[in-house]
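K.L.:
Let me begin by handing over the structure; questions about it come next.
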Amino acid sequence: MTNISRKAFIYSAVAAAAAATIAGASSCQKAKAKEDRKPLNIVYIMTDDHTAQMMSCYDKRFADTPNLDRIAADGVRFTNSFVANSLSGPSRACMLTGKHSHKNGFTDNTTCVFDGNQPTFPKYLQKAGYQTAIFGKWHLESLPQGFDRWEIVPGQGDYYNPDFIVENGDTVQVHGYLTDLITDKSIDWLENERDASKPFCLLIHHKAIHRNWLADTAHLNLFEDRTFELPDNFYDDYAGREAAKTQEMSIFADMDPIYDLKMNRPDKDSPLKARYESYVGRMDSAQRAAWDAFYNPIIEDFYAKDPKGRELAEWKYQRYMRDYLKVVKSLDDNVGRVLDYLEEKGLLDNTLVVYTSDQGFYMGEHGWFDKRFMYEESFHTPLIMRLPKGMERRGDITEMVQNIDYAPTFLEIAGVEIPSDIQGVSLLPLLKGETPENWRDALYYHFYEYPAEHSVKRHYGVRDGRYKLIHFYNDIDQWELYDLDADPTEMHNIYGTEGTDSITAVMKNKLKDLQEQYDDPIRTEYPL
Ligand code: SGN
Ligand code: CA
């Protein structure tokens, strides 16, 4: 069992059953029992900007994601799953380290380089005898450490004929559609490269469903006959919420018809036109022909009708929803390929399959796309897990969990002692159906990337099972308080209103406790 601790046995898929059959078993059965005792494998699939509203296992209004739904059906769905800092690089750093941004040092996408020398869960797993690999988006500026094998896309990556950075540092362009290619590489590693005698932890990290939502040509025609219902607060006027007023992530005002919605024509211009052309410029002639054949009639129709005001806002919303769903379709198909492979190879019984996103996303709620805010849609992130044999928990887990919890969960599963400086909490007891007493009753959040694209001001806050308190700071000083029971879409900031003094005091105390517990230095700048 190399140096994997005995503790891993406890969670090994069929260890108990195997042990029971050892006495009196044939040599063949004995060999089988030994094989079954391997520690659990981990397949950790993560997408980018995939929000729970667009997964049918969470929300049946828009998407049909049968393969993601398979994960939830054979395991659990977390209904109160959140991030610590709603942005790609920061989320990835939180997940790798099990620590909040101020501890892992990666607070924002624009100024940070991940210090790859710090401890991360792949490094601990590697030390414990696991084989580790990552394919896809990395987005942490420094190169990956702690992986036996990696191939990552530079920065955000390209949907079409993307570049990959390979381990010797070279960049290699590969023909195809990125979601398919990341899956191909992952399955190829499982099939041909890994050492089958060792447990493995494989990270399949997609660019999908990130802006600017370039669908595979095979899926361009999908969803064109669908008209999606607008969220009730699509025309939010942001009354009482100063930071919401000054953001630049409005579908109506900020979504670019050319770059985001593909309405490119020689006589039309936008600041993002050149970037759009560089993306479609990567396509080969067949891809480009399919692209143009699909989009040209829509482009002609759009400029002929030239919608304005609400008509334009709703036209943009419909195109955004369709493009996003097409990219989801590729993702779901490719998750299906991974599940099928694991099943075919008999690996599913002994593998934990985790599916999550780097954060949630706005699909027109408050009139927005993008993320960043501590409001529910982007603070939340989907989290479903297909459980191995021996973990019988099914259905919803409602406890509040956060992306700093994944690292300690993986460590506990592997039988590695959880280092005391990890700030997250292992989810394993929840997966085993236990209801731990003293589970956290409040979550901490801190967003830093400002001034920056989309102009969402810096803020930190606390959320418990009912209330959320947020402080926007830096070039603003505004508190917001929401009663999520009475106002689940966070339209009414009740901070400072009559009758809220005592709940405000309670929430400020919770915030103070969490800032102390997690040791966030911001508390010296804005003492509570
Ligand atoms: C890019 C996008 C933004 C997005 C950030 C962060 N612009 O800069 O819309 O908010 O990434 O996203 S784009 O013009 O390049 O598409 S993150 O998920 O990677 O954090
Ligand atoms: Ca993201």
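K.L.:
Out of (1) at negative phi; (2) not in a strand (DSSP E or B), the odd one out for Leu443 is which?
P.N.:
Single failed check for Leu443: (2).
K.L.:
Among the residues in region 418-430, are any crowded, with 22+ Cβ neighbours inside 10 Å and touching a Leu at 6+ places or on another chain (Cβ under 8 Å)?
P.N.:
Within region 418-430, not a single residue is crowded, with 22+ Cβ neighbours inside 10 Å and touching a Leu at 6+ places or on another chain (Cβ under 8 Å).
K.L.:
Got at least one residue in region 264-279 being at pLDDT 95 or above, closer than 13 Å to Gln318 by Cβ and touching a Lys or Arg at 6+ places or on another chain (Cβ under 9 Å)?
P.N.:
Checked against the condition, which is being at pLDDT 95 or above, closer than 13 Å to Gln318 by Cβ and touching a Lys or Arg at 6+ places or on another chain (Cβ under 9 Å), region 264-279 yields no hits at all.
K.L.:
Would you call Asp405 among the acidic types (Asp, Glu), buried (at least 24 other Cβ atoms within 10 Å of the Cβ) and either farther than 29 Å from Ala218 by Cβ or touching a residue at least 60 places away in the same chain (Cβ under 8 Å) (or both)?
P.N.:
It is true that Asp405 is among the acidic types (Asp, Glu), buried (at least 24 other Cβ atoms within 10 Å of the Cβ) and either farther than 29 Å from Ala218 by Cβ or touching a residue at least 60 places away in the same chain (Cβ under 8 Å) (or both).
K.L.:
For region 162-205, name all the residues that are touching a residue at least 24 places away in the same chain (Cβ under 8 Å), within 15 Å of Ser330 (Cα to Cα) and outside any helix (DSSP H, G or I).
P.N.:
Scanning region 162-205 gives Tyr177, Ile204, His205.
K.L.:
Would you say Leu325 is touching a Leu at 6+ places or on another chain (Cβ under 8 Å) and part of a helix (DSSP H, G or I)?
P.N.:
The answer is yes for Leu325.
K.L.:
For region 231-280, which positions are more than 28 Å from Gly461 (Cα to Cα), polar (S, T, N, Q) and part of a loop (DSSP other than H, G, I, E, B)?
P.N.:
Asn264, Ser270 - these are the residues of region 231-280 that are more than 28 Å from Gly461 (Cα to Cα), polar (S, T, N, Q) and part of a loop (DSSP other than H, G, I, E, B).
K.L.:
A follow-up question, please. Among (1) touching a helix residue (DSSP H, G or I) at 6+ places or on another chain (Cβ under 7 Å); (2) crowded, with 20+ Cβ neighbours inside 10 Å; (3) under 24 Å from Tyr375 (Cβ atoms), there is one condition Tyr238 misses while meeting the rest; what is its number?
P.N.:
(2)
K.L.:
Would you confirm, using the coordinates I've provided, whether Ile494 is under 29 Å from Asp232 (Cβ atoms), at pLDDT 95 or above, of a type in the set (A, V, I, L, M) and in a strand (DSSP E or B)?
P.N.:
Considered against the rule, which asks whether it is under 29 Å from Asp232 (Cβ atoms), at pLDDT 95 or above, of a type in the set (A, V, I, L, M) and in a strand (DSSP E or B), Ile494 comes out as no.
K.L.:
Same structure again: Evaluate the following for His139: is it within 16 Å of ligand 2 (Cβ to nearest atom) and either over 17 Å from the mean Cα position of the chain (by Cα) or closer than 21 Å to Val327 by Cβ (or both)? Write out each step before concluding.
P.N.:
Values: within 16 Å of ligand 2 (Cβ to nearest atom): yes; either over 17 Å from the mean Cα position of the chain (by Cα) or closer than 21 Å to Val327 by Cβ (or both): yes.
Answer is yes for this residue.
K.L.:
Among what's in region 349-366 and is within 15 Å of ligand 1 (Cβ to nearest atom) and aromatic (Phe, Trp, Tyr), pick the residue that is surrounded by the fewest Cβ atoms within 10 Å (Cβ to Cβ).
P.N.:
Tyr362
K.L.:
Sticking with this structure for a sec: Residue by residue through region 72-122, note down the ones that are of a type in the set (A, V, I, L, M, F, W, C), surrounded by fewer than 24 Cβ atoms within 10 Å (Cβ to Cβ) and farther than 29 Å from Leu143 by Cβ. If you could, list the steps in order and put the result at the bottom.
P.N.:
Pass one, region 72-122, residues of a type in the set (A, V, I, L, M, F, W, C): 72-73, 76, 78, 82-84, 87, 93-96, 106, 112-114, 121.
Those still in the list that are surrounded by fewer than 24 Cβ atoms within 10 Å (Cβ to Cβ) too: 73, 76, 112-113.
Across region 72-122, the qualifying residues are Ala73, Val76.
K.L.:
Same structure again: Take the residues in region 67-97 that are of a type in the set (A, V, I, L, M, F, W, C) and part of a loop (DSSP other than H, G, I, E, B), then tell me which one is nearest to ligand 1 (Cβ to nearest atom).
P.N.:
Per the stated criteria, the residue is Leu87.
K.L.:
Another question about this same structure. Could you pull out every one of the helices (runs of 4 or more DSSP H) wholly within region 370-432 that has 3 or more residues that are under 19 Å from Tyr44 (Cβ atoms) and more than 16 Å from ligand 1 (Cβ to nearest atom)? Quick ask: steps written out before the conclusion?
P.N.:
On the way: elements: 376-379, 406-413, 428-431.
Answer list for region 370-432: 406-413, 428-431.
The values are calculated or read from the model by the stated rules, or taken from the named source; none is laboratory data. What you are looking at is a predicted structure, and each value in this text was computed from that prediction instead of being measured. For neighbour counting, all protein chains shown are included, and Cβ atoms are generated from backbone atoms with ideal geometry for every residue, glycine included.
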